[in-house]
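Encoded as structure tokens, the structure appears first; notes follow it.
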Amino acid sequence: MLSVRQVTKEFGGIRAVDACSFEVERASITGLIGPNGAGKTTLFNIMSGFLRPDRGEVWFDGQRIDHLPPHRIARLGLVRTFQIPRELKAMTVLENLMLVARDQRGERIWNSWFFPSKVREEEEAARAKAEEVLEFLDLSRHAHELAGNLSVGQKKLLELARGLMADPKMFLLDEPGAGVNPSLMRRITGYIEELRRRGTTFLLIEHDMDLVMNICDKVIVMNQGTHLAEGDPEVVRQNPVVVEAYMGGTP
Amino acid sequence: MTVEGVLSYLVFFATMAGIYAVLSLGLNIQWGYNGLFNIGIAGFFAVGAYTSAILTTPPSPTHLGGFGLPMMVGFLAAGAASGLIALLIGIPTLRLREDYLAIATIGIAETIRYIFQNEAWLAGGIRGLAGIPFPWRRALGPSANFVYLALVIAILAALYFALERGLRSPWGRVLKAIREDEYVAAASGKDVFRFRLESLVLGGIVMGFAGSLYAHFVGFISPQAFHPMLTTFIVWVMLTVGGSGNNKGAIVGAYLVWAIWSMTEFVTDFLPSAMATRAASLRVVLIGVLLIAVLMYRPTGLFGEERHVSRLIARSPTGGSHARSG
């Protein structure tokens, strides 16, 4: 589904990602772990088009994407969330979601002038879809709230909701569990598993090892910008190289 | 002052404020909805005014043209020329950080003013362009200004309805999302550059229209009329006072601030003669104080933004009761 091939990215002589390669299988939940500064978020930024790699290739669903701008990658169905929720504060939750709807004729201003009924039709469809997503994530009662007024946990869910509006084939989740209380964590885990059952692929950066061990089919470990190890979560946890990288010493 | 005098002053006032309201609507597309920091409004206004003037004045040996075309042609061309300038500024700057647009717009606005000031062959230079026609002025006699006011109001109303429809739509929603967080807009599949360019150009077109309306109203334009203080700064105050991000606010703010600005002129007339020379600066200080007061006590302006961008949500039964915020 997603293939990272020898990707390298330098920032002023510091190699944030160093010839990193791995594959993510379709309809899997893959965890991307590693110590702070290992290059995980940089890699996410490359995969989602916000950064261009200096060398190497990224392939998604049979297509090379490392030269595409972020909006084109999102439209292909590779959708990311942000580590710290980036809600559109002055807009309602409902419109945070409706924004994402694809192929809206109303995004051309003259269509609103000359074909208002078509725009209205699509707008109603987008709204219905947004309400369905809010229902799924149990956020319906906040639909008309300004997103800036949501709690931290609700903003986390809003990130997920906005992603769902894009019809993702694959989700890149940057720390979905960070700063989330245990009961919300269970809900988020439940949503991820439910979506995977429906065929969505997940790659998630996560520091919470319980979450990783619970839901990931496979774990990829990064250290110093490169792929260190990968495999079954339990096996990886026992791997002495991983323990060394994470803990800074053999126990 | 006679009744006629008061009435004719009011007509003058309402026409000028209406022209400023058009500028304010233009800035609302760029800043209110899209967060584009255009501090070169005077430049777009000037390009519109001069384009219209050159195209509609009768042939003259001292400057380019005139071409003696109908006012309608001048009006449309003013929008097109100003929109083209916006396009040329936008292409190199809108991919960069926001501050670059601000630098480019103020730089180009001043450049435009100096070009009109120094290139006498183009538009009369410092002496300006006179005799910009309003076709029915002679036939209408004393009621000409009433008719012109009606024309300005009609154009302002048409622009208001077109922009309400165009902005309170998915297009406007994308603009606002970019204003709030361009990374989210991009991650949501929206081409940020394209939308910013459209917003800058449409705003530029509207400002060009305002320039044309101004030129045909006063009949004479010169570079001094396009000083950043009198156009750029005051339009920013108008939009801020009325409510950035709200078309109604843009219009009400223009009328209100123009009223205050005009009243300060009366007030400064009563100042002792020693102070009178400083009166012009005092008026600017007053407007500045007004801006600071609004930003401190009512940062959303008089109107604030509508809760939902889309008119369709605001009107529908489930959203209706929540649709308006204070």
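The values are calculated or read from the model by the stated rules, or taken from the named source; none is laboratory data. Note that this is a predicted model, so its numbers are computed, not measured. Positions of Cβ are backbone-derived with ideal geometry, glycine not excepted, and every protein chain shown enters the neighbour counts. All accessible areas refer to the heavy atoms of the entire protein, side chains included, with ligands and DNA or RNA removed. Shrake-Rupley method; radii C 1.70, N 1.55, O 1.52, S 1.80 Å.
Observations, loosely collected:
- Test result for B:Ala104, within 21 Å of the chain's Cα centre (by Cα) and open to solvent by 10 Å² or more (accessible area, probe 1.4 Å): yes
- Qualifying residue in the stretch A:84-101 (condition: over 19 Å from A:Arg127 (Cβ atoms), more than 10 Å from chain B (Cβ to nearest Cβ) and of a type in the set (A, V, I, L, M, F, W, C)): yes
- Of residues in the stretch A:111-125 being within 8 Å of chain B (Cβ to nearest Cβ) and surrounded by fewer than 16 Cβ atoms within 10 Å (Cβ to Cβ), the one nearest to A:Lys156 (Cα to Cα): A:Glu124
- Restricting attention to the stretch B:128-156, the residues that are loosely packed, with under 13 Cβ neighbours inside 10 Å, at pLDDT 85 or above and either under 20 Å from B:Leu69 (Cβ atoms) or among the basic types (Lys, Arg) (or both) total 1.
- Residue within the stretch A:126-138 that is under 18 Å from B:Gly172 (Cβ atoms), free of Cβ contacts under 8 Å to residues at least 24 places away in the same chain, more than 7 Å from every other protein chain (Cβ to nearest Cβ) and assigned to a helix (DSSP H, G or I) present: no
- Residues considered: A:Gly177, A:Gly199, A:Gly153. Of these, the only one that is touching a residue at least 12 places away in the same chain (Cβ under 8 Å), within 24 Å of A:Asp61 (Cα to Cα) and more than 14 Å from chain B (Cβ to nearest Cβ) is A:Gly199.
- Answer residue from the stretch A:35-50, given it is more than 14 Å from chain B (Cβ to nearest Cβ) and more than 19 Å from A:Arg5 (Cβ to Cβ) and is most open to solvent (accessible area, probe 1.4 Å) among those: A:Asn36
- Filtered residue count, the stretch B:225-236, keeping only those that are surrounded by 24 or more Cβ atoms within 10 Å (Cβ to Cβ) and more than 21 Å from B:Ser199 (Cβ to Cβ): 1
- Within the stretch B:199-224, considering residues that are modelled with pLDDT of 95 or more, in contact with a Leu (Cβ under 8 Å, 6 or more places away or on another chain) and open to solvent by 10 Å² or more (accessible area, probe 1.4 Å), the one nearest to the other protein chains (Cβ to nearest Cβ): B:Val201
Let's see how each residue does on (1) surrounded by 13 or more Cβ atoms within 10 Å (Cβ to Cβ); (2) in contact with a helix residue (DSSP H, G or I) (Cβ under 6 Å, 6 or more places away or on another chain); (3) over 30 Å from B:Trp171 (Cβ atoms):
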position: B:Gly243; (1), (2), (3): yes, yes, no
position: B:Asn246; (1), (2), (3): yes, no, no
position: B:Tyr255; (1), (2), (3): yes, yes, no
position: B:Thr264; (1), (2), (3): yes, yes, yes
position: B:Met275; (1), (2), (3): no, no, yes
position: B:Thr300; (1), (2), (3): yes, no, no
position: B:Glu306; (1), (2), (3): yes, no, no
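- Filter result for B:Ser169 (under 30 Å from B:Tyr100 (Cα atoms) and polar (S, T, N, Q)): yes
- Taken together, the residues in the stretch B:181-198 that are touching a residue at least 60 places away in the same chain (Cβ under 8 Å), more than 9 Å from chain A (Cβ to nearest Cβ) and within 28 Å of A:Leu160 (Cβ to Cβ) amount to 1.
- Take the conditions (1) open to solvent by less than 10 Å² (accessible area, probe 1.4 Å); (2) modelled with pLDDT under 95; A:Ala19 misses just one of them, which is (1).
- Filter pass, B:Tyr160 being more than 10 Å from every other protein chain (Cβ to nearest Cβ), among the aromatic types (Phe, Trp, Tyr) and surrounded by fewer than 18 Cβ atoms within 10 Å (Cβ to Cβ): yes
- Counting only helices (runs of 4 or more DSSP H) wholly contained in the stretch B:213-283, the ones carrying 3 or more residues that are under 20 Å from B:Ile39 (Cβ atoms) occupy B:234-242, B:247-269.
- Some residue of the stretch B:289-298 being away from every other protein chain (no Cβ under 14 Å) and farther than 26 Å from B:Asn28 by Cβ: no
- Scanning the stretch A:51-96 for residues that are out of contact with any strand residue (DSSP E or B) (no Cβ under 7 Å at 6 or more places or on another chain), over 30 Å from B:Ser244 (Cα atoms) and open to solvent by 20 Å² or more (accessible area, probe 1.4 Å) yields A:Arg52, A:Asp61, A:Gly62, A:Gln63, A:His67, A:Pro69, A:Arg72, A:Arg75.
- Among residues of the stretch B:259-288 that are closer than 22 Å to B:Tyr9 by Cα and free of Cβ contacts under 8 Å to residues at least 24 places away in the same chain, those with a Cβ under 6 angstrom from a residue that is surrounded by 12 or more Cβ atoms within 10 Å (Cβ to Cβ) and among the basic types (Lys, Arg), sequence gap 6+ or separate chain, pair up as B:Thr264/B:Arg283.
- Hits in the stretch A:155-186 (condition: charged (D, E, K, R) and outside any helix (DSSP H, G or I)): A:Asp167, A:Lys169, A:Asp174, A:Glu175
- Subset of the stretch B:111-127 [under 21 Å from the mean Cα position of the chain (by Cα) and open to solvent by less than 50 Å² (accessible area, probe 1.4 Å)]: B:Ile112, B:Arg113, B:Phe116
- Per-region count, the stretch B:37-66, residues open to solvent by less than 10 Å² (accessible area, probe 1.4 Å) and not in a helix (DSSP H, G or I): 4
- Scanning the stretch A:144-154 for residues that are part of a helix (DSSP H, G or I) and either open to solvent by 40 Å² or more (accessible area, probe 1.4 Å) or aliphatic (A, V, I, L, M) (or both), we see that the one that is farthest from A:Thr81 (Cα to Cα) is A:Asn149.
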